[in-house]
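A short write-up of the structure that comes next.
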């Protein structure tokens, strides 16, 4: 995977378990292990406090701080083009899903991150285990074909929910995109290194089901994929 930092997007490149990675925020300087399948070291209590502020007004599901001070991006290494990445979000209260947003990155370099690469977006529900389903039941799938940016930087993609999907308090949903391209010209998904949500960000390591999901943490990348959903409390 590929990581870059804040405003200047410094590219410090390496390879971790075959996934292209650059940046100085994610601890990607060594071998994270050899587990290329589903990450089994999951914390089933990671969202025990998800409903702690159930009485507070909720208008967005996100794990990302605002603003994020240390940014980066991930992209596929050679041979991984078309594999899927996903971010997990949990509803602290009963909500209806409205607008879905995720952030791509355009940055020239050894790994040439581009936003104008056609890809697929998928939204699917979890089963409560914190691990994305290997064969997910998709709530929606969208073909996305963004235009290139005039200058390097982030591009926010906004999609309206295809139906009035609802989540009960504590239920989880995954935003996923196919990480397309032809290395080194690849799609890159922005990451925030300010914090890391346990079992929040995932790499699917396959282009179609079943997906052998593993956390970014298992690739020695300590950051959260940037995605969020505007919601309406019910």
**Number of positions in the stretch 194-215 that are touching a helix residue (DSSP H, G or I) at 6+ places or on another chain (Cβ under 7 Å) and in a loop (DSSP other than H, G, I, E, B)** = 1
**Set 157, 100, 117: member being surrounded by fewer than 21 Cβ atoms within 10 Å (Cβ to Cβ), over 17 Å from residue 209 (Cβ atoms) and at pLDDT 95 or above** = 157
**Message:** It is to be established whether one or more residues within the stretch 133-153 are more than 23 Å from residue 92 (Cβ to Cβ), in contact with a strand residue (DSSP E or B) (Cβ under 9 Å, 6 or more places away or on another chain), touching a residue at least 60 places away in the same chain (Cβ under 8 Å) and outside any strand (DSSP E or B).
**Reply:** yes
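Has the stretch 69-85 got at least one residue that is in contact with a helix residue (DSSP H, G or I) (Cβ under 8 Å, 6 or more places away or on another chain), within 28 Å of residue 212 (Cβ to Cβ) and in contact (Cβ under 8 Å) with a residue 60 or more places away in the chain?
Yes - at least one qualifying residue is present in the stretch 69-85.
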**Item:** Pair list, Cβ < 7 Å and 6+ apart or interchain, from the stretch 182-199 residues that are on the phi > 0 side of the Ramachandran plot and crowded, with 17+ Cβ neighbours inside 10 Å to residues that are at pLDDT 95 or above and not in a loop (DSSP other than H, G, I, E, B)
**Value:** 199/88; 199/215
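Is there a residue being in a strand (DSSP E or B) and on the phi < 0 side of the Ramachandran plot anywhere in the stretch 216-223? Give the steps one after another, and end with the answer.
Residues of the stretch 216-223 in a strand (DSSP E or B): none.
No, the conditions are met nowhere in the stretch 216-223.
The values are calculated or read from the model by the stated rules, or taken from the named source; none is laboratory data. Every value quoted in this text rests on a predicted model; they were computed, and no experiment measured them. Methodologically, a virtual Cβ is constructed for each residue, glycine included, from the backbone with ideal geometry; neighbour enumeration extends over all protein chains shown.
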